[in-house]
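Okay, so here's the structure we're looking at.
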Amino acid sequence: MSITTRGRFIVFEGIDASGKSTQVNRLAEMVSAAGRKVHITAEPTTGPIGSLIRQAFSGRTPLDDRVIAALFVADRIDHLTNERDGILELLGRGIDVISDRYYLSSVAYHSSDIDMNWVVRANELSTDLLLPDLTIYLDVAPAVALRRLQSRAQQTDKFEVFERLSAAHNNYERAIELLGTRDNIQVISADGTLEEIAVEVQAVVNRSAGDVFQQAISTV
């Protein structure tokens with residue numbers, strides 16, 4: 001009988017251009033420097049379902065918004081359960097997983113087209129399998145996010161317009177009010193510098209997630 005410490009599952013949420021990807025990488029560097037194994041991931045995934053979602057976002061494969069919402073549910077379940085690099089498999093091996101988006105993104109972005117209660121219920125297929133140990137929501141004003149997006153020399157997707165960003169921001173606030181107590185969601189302002197935000201992230205991780213991962217799971 002060997003003892004394996006369960007990995008930590010930490011999720012970053014926020015509207016586009018909130019700085020999630022940067023902070024995911026910075027936290028991963030900190031975790032790795034502490035001597036822990038860490039895996040970075042994101043949604044939609046790079047798997048077959050995630051690739052179809054990305055094609056829909058770019059306009060190459062036109063899909064109804066309800067279809068896209070359902071595809072996210074399927075992509076998320078595969079993200080959790082696939083045998084190659086599924087989150088549950090990695091956590092069971094003691095690897096920390098840091099994800100750029102999880103189910104709250106679906107609640108925030110799809111509730112403008114579909115009833116929020118439906119989106120929450122559909123994603124219970126995932127949350128019944130795994131809730132994050134900590135979710136960090138990077139809060140940035142939609143107007144600020146839009147300016148950041150417009151400064152990038154790249155094509156934007158269907159959600160990267162002010163109306164969509166504003167709706168998603170409002171839906172994030174509604175979702176956090178609804179689910180924040182159950183799901184250990186911590187809100188950090190994303191208006192500061194990258195360094196200031198990183199310091200806040202580290203403080204939140206140390207304060208909110210420190211004791212959760214001391215538990216050990218037994219494996220044969």
### Query
Given H placed 1.01 Å from N in the peptide plane, which residues other than close sequence neighbours of Glu13 have an amide H under 5 Å from its amide H?
Ile136, Tyr137, Leu138
## Note on the structure
For Arg8, the residues 5 or more places away or on another chain with a placed amide H closer than 5 Å to its own amide H are Asp96, Val97
### Task
May I ask you to order 106-114, 32-40 by the average number of other C-beta atoms within 10 Å around their residues, highest value first?
106-114, 32-40
### Query
Got a sec? Charge dipole of the stretch 2-208, +1 on Cβ for Lys and Arg, -1 for Asp and Glu; which of Ala42, Ala167, Met30 is way out at the positive end?
Met30
### Task
Excluding Asp78 itself, calculate the net charge of residues whose Cβ lies under 13 Å from the Cβ of Asp78, where each Lys or Arg counts +1 and each Asp or Glu counts -1.
-3
### Task
Tally the DSSP beta bridges in the chain and give the antiparallel ones as a percent, rounded to 5.
20 percent
### Summary
When the charge dipole of the chain is computed with +1 on Lys and Arg Cβ and -1 on Asp and Glu Cβ about the Cα centre, the Cα farthest towards its positive end, among Ser51, Ala190, Ala70, belongs to Ser51
### Of the DSSP H helices in the chain, those whose Cα atoms cover at least 18 Å axially and whose Kyte score averages -0.5 or more
20-33, 65-81, 194-208
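In debye, nearest 20, what is the charge dipole magnitude of the stretch 92-178 about its Cα centre with +1 on Lys and Arg Cβ and -1 on Asp and Glu Cβ, if you could check?
340 debye
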### Task
Report, in debye and to the nearest 20, how large the dipole of the chain comes out about its Cα centre when Lys and Arg carry +1 and Asp and Glu carry -1 on their Cβ.
400 debye
### Task
Answer with one residue from Gln202, Ser106, Leu134: the one whose Cα lies farthest towards the positive end of the charge dipole of the chain, charges on Cβ with Lys, Arg +1 and Asp, Glu -1.
Gln202
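Read-outs: derived from the displayed coordinates by stated rules, not from any lab. This one's a predicted model, so the numbers in the text were calculated from it and none came from an experiment. With ideal geometry, Cβ positions are generated from the backbone for all residues, glycine too; neighbour counts draw on all protein chains shown.
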